[in-house]
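One structure is given here, and the rest of the page talks about it.
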Amino acid sequence: MRIVYHLGAHCTDNERLLRCMLKNRGVLAEQSIVVPDPARYRNLLRDTAIALKGQPASLETQAIVLDQIMDEDQADRLVLSWENFLSFPKWVVRGMLYPSAGERIRAFTQIFPQIEAEFHLAIRNPATFLPDLFLRRKDSSFEAFLDGTQPEDLHWSDTIRDILTQNPGVPLTVWCDEDTPLIWPEVIQAVSGHRPGTRMADLNELLRRLMTDDGLTRMQSYLETHPPATVQQRRRIVSAFLDKFAVPDMIDMEVDLPGWTEDAVERMTRTYEADAAAIAAMPGVTFLEA
């Protein structure tokens with residue numbers, strides 16, 4: 001068995017991936033892929049990791065925890081999703097993004113030290129990620145939220161490097177949240193591991209938020225009458241319909257923070273794009289590109 005950890009990050013997925021897999025739980029189960037209800041494992045794993053203090057769990061503890069997570073006697077893949085695997089929101093920005101990510105994830109994998117693991121993570125442009133996280137945190141001010149950290153110094157590659165260093169040999173799949181509408185089927189497939197050609201329900205939930213009802217209906221009709229021959233062709237079709245039928249407020253996010261000029265946001269965006277390219281080149285990382 002392999003345990004799949006979907007790590008978030010915060011303000012990227014908003015549980016969409018988990019909801020999609022739960023809706024397809026029966027289809028996935030036929031392929032020995034188990035997607036348990038998150039209520040069965042989130043607090044359990046947190047409490048177990050705290051009790052273990054970074055030490056590997058005994059076989060008895062592993063059996064007890066697995067028995068509480070899944071009813072099945074065996075599985076090829078067990079998919080666990082929680083944006084707080086990396087950190088709770090309060091500790092995301094502390095000189096870097098998720099400064100304890102590698103150590104924290106290793107503590108979770110030590111609950112099942114003999115079982116292979118793999119990680120999946122969406123990253124997001126700090127120019128939009130930080131304002132969204134600030135709203136979730138509800139700090140008294142943006143300055144208090146940053147706590148002395150300079151936004152232009154935040155690089156996802158530092159977080160990725162920490163995860164890889166603390167968890168050597170564990171495969172890590174990364175994608176940009178901004179690309180998710182175009183690569184959503186590939187993201188679902190990468191996390192669940194389902195066989196190519198598997199018919200999955202509700203794969204358009206994300207596009208339903210981004211596109212007008214009329215546009216989504218037209219796109220679905222077009223895809224049915226003109227089935228794309230390749231992944232790239234499907235992405236071009238989705239991109240074309242998004243260009244024409246996107247809901248403006250969902251696509252164009254304005255950043256309105258004290259001291260954040262348009263030039264500053266553009267610089268952060270260019271830095272983020274270069275950082276994503278550096279992550280894609282890292283050994284041990286599979287990068288899903290649009």
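The values are calculated or read from the model by the stated rules, or taken from the named source; none is laboratory data. Predicted model only: the values in this text are computed from it and were never measured. Cβ coordinates were reconstructed from backbone atoms using ideal geometry, including for glycine residues, and neighbour counts include every protein chain displayed.
Annotations
- Exactly one residue among ILE237, ILE188 is of a type outside the set (Asp, Glu) and closer than 27 Å to ALA29 by Cα, and that residue is ILE188.
- A Cβ distance below 8 Å, combined with a sequence gap of six or more or placement on separate chains, defines the contacts here; from region 1-25, residues that are at positive phi and of a type in the set (A, V, I, L, M, F, W, C) reach residues that are surrounded by 21 or more Cβ atoms within 10 Å (Cβ to Cβ) and part of a helix (DSSP H, G or I) in the pairs CYS11/PHE129.
- Unique residue being in contact (Cβ under 8 Å) with a residue 12 or more places away in the chain, out of contact with any Phe, Trp or Tyr (no Cβ under 8 Å at 6 or more places or on another chain), more than 30 Å from GLU116 (Cα to Cα) and basic (Lys, Arg) when the list is ARG218, ARG234, ARG195, ARG199: ARG234
- Of all residues in region 194-239, those satisfying the criterion of being among the hydrophobic types (A, V, I, L, M, F, W, C), outside any loop (DSSP other than H, G, I, E, B) and within 25 Å of the chain's Cα centre (by Cα) are LEU206, LEU207, LEU210, MET211, LEU216, VAL231, ILE237, VAL238.
- Qualifying positions in region 65-82 - surrounded by fewer than 22 Cβ atoms within 10 Å (Cβ to Cβ) and within 15 Å of LEU121 (Cα to Cα): TRP82
- For LYS90: the one exception among (1) at pLDDT 95 or above; (2) surrounded by fewer than 19 Cβ atoms within 10 Å (Cβ to Cβ): (1)
- Answer from VAL187, VAL191, VAL170 - the residue that is of a type outside the set (Ser, Thr, Tyr), closer than 16 Å to HIS6 by Cβ and assigned to a loop (DSSP other than H, G, I, E, B): VAL170
- Filtered by the rule that a residue be part of a loop (DSSP other than H, G, I, E, B), among the hydroxyl-bearing types (Ser, Thr, Tyr) and touching a Ser or Thr at 6+ places or on another chain (Cβ under 9 Å), region 22-79 gives no residues.
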